[in-house]
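The block underneath contains the structure these notes are about, expressed in structure tokens.
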């Protein structure tokens, strides 16, 4: 069911790829900085991000629990393994990856699982490696009040400042918040009210980015 749900609500492959290209420069820098260490994408879904990495010569693997989505990735000749992401990361030696990424995955995790995921991500990254996690932005009241709950598998919205604190607390440095996908860039609006523009027509997603 979830594969069909994603197909209905996530957007086309091309739309997702266009959005995710924003992360390529930072991940490519980390990849080069760590001597070409692999990238792991958590909850890789249909593999749009992995396809971008492959097209740019970056060695990457997706970890995906959904068999249908994993099958889509294999059909595109994208490396994928069916596993729980925390369980998979625990099998890896420390200091072996250039990047751990995850797009719209952390809002699906119970809090203790999220902490374990962040701790394992930090452990397996090489010095100079990067973590990138995109999630719905609850600063946008349309998101936090409605669109977040379209997905019945979401647990709860995660505030940007909270995630920034948690990554710092788990050991990441230079943790930044990157707000993306402004509502007004995708939909025609004519509102000039500052409050509405800043709380309803602002960015619908954000990424929390940290370094080891």
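The values are calculated or read from the model by the stated rules, or taken from the named source; none is laboratory data. No experiment lies behind these values; they were computed from the predicted model shown. Note: ideal-geometry Cβ built from the backbone for every residue, glycine included; neighbour counts use all protein chains shown.
When segment 15-27 is filtered for residues that are within 17 Å of residue 128 (Cβ to Cβ) and either buried (at least 17 other Cβ atoms within 10 Å of the Cβ) or at pLDDT below 95 (or both), the ones remaining, listed by number, are 23, 26, 27. If only residues of segment 71-101 that are in contact (Cβ under 8 Å) with a residue 24 or more places away in the chain and farther than 22 Å from residue 115 by Cβ are counted, the one that is farthest from the chain's Cα centre (by Cα) is 76. In segment 117-139 there is no residue that is at pLDDT below 95, in contact with a strand residue (DSSP E or B) (Cβ under 6 Å, 6 or more places away or on another chain) and under 14 Å from residue 202 (Cα atoms).
Candidates in segment 107-123 are the residues that are touching a residue at least 60 places away in the same chain (Cβ under 8 Å) and surrounded by fewer than 23 Cβ atoms within 10 Å (Cβ to Cβ); of these, the one that is nearest to residue 31 (Cα to Cα) is 122. Residues of segment 127-161 that are crowded, with 19+ Cβ neighbours inside 10 Å and under 30 Å from residue 36 (Cβ atoms): 129, 130, 131, 132, 133, 134, 135.
Of the listed requirements (1) in contact with a strand residue (DSSP E or B) (Cβ under 9 Å, 6 or more places away or on another chain); (2) more than 26 Å from residue 33 (Cα to Cα); (3) touching a residue at least 60 places away in the same chain (Cβ under 8 Å), residue 68 misses just one: (1).
Conditions (1) buried (at least 19 other Cβ atoms within 10 Å of the Cβ); (2) in contact with a strand residue (DSSP E or B) (Cβ under 7 Å, 6 or more places away or on another chain), marked per residue:
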position: 39; (1), (2): yes, yes
position: 42; (1), (2): yes, yes
position: 49; (1), (2): yes, yes
position: 55; (1), (2): no, no
position: 63; (1), (2): yes, yes
position: 89; (1), (2): yes, no
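Please indicate, with yes or no, whether at least one residue in segment 68-77 is at pLDDT 95 or above and either within 15 Å of residue 104 (Cβ to Cβ) or surrounded by 15 or more Cβ atoms within 10 Å (Cβ to Cβ) (or both). Checked against the condition, which is being at pLDDT 95 or above and either within 15 Å of residue 104 (Cβ to Cβ) or surrounded by 15 or more Cβ atoms within 10 Å (Cβ to Cβ) (or both), segment 68-77 yields no hits at all. What pairs come up if the first residue lies in segment 22-41 and is farther than 13 Å from residue 126 by Cβ, the second is surrounded by fewer than 19 Cβ atoms within 10 Å (Cβ to Cβ), and their beta carbons are under 7 Å apart, counting only those six or more places apart or on different chains? Taking only residues 6 or more apart or on different chains, the pairs are 22/180; 24/56; 28/56.
Could you tell me whether segment 178-189 includes any residue that is modelled with pLDDT of 95 or more and in contact with a strand residue (DSSP E or B) (Cβ under 9 Å, 6 or more places away or on another chain)?
yes
Among the residues of segment 140-157, those identified as in contact with a strand residue (DSSP E or B) (Cβ under 6 Å, 6 or more places away or on another chain) and in contact (Cβ under 8 Å) with a residue 60 or more places away in the chain are 140, 143.
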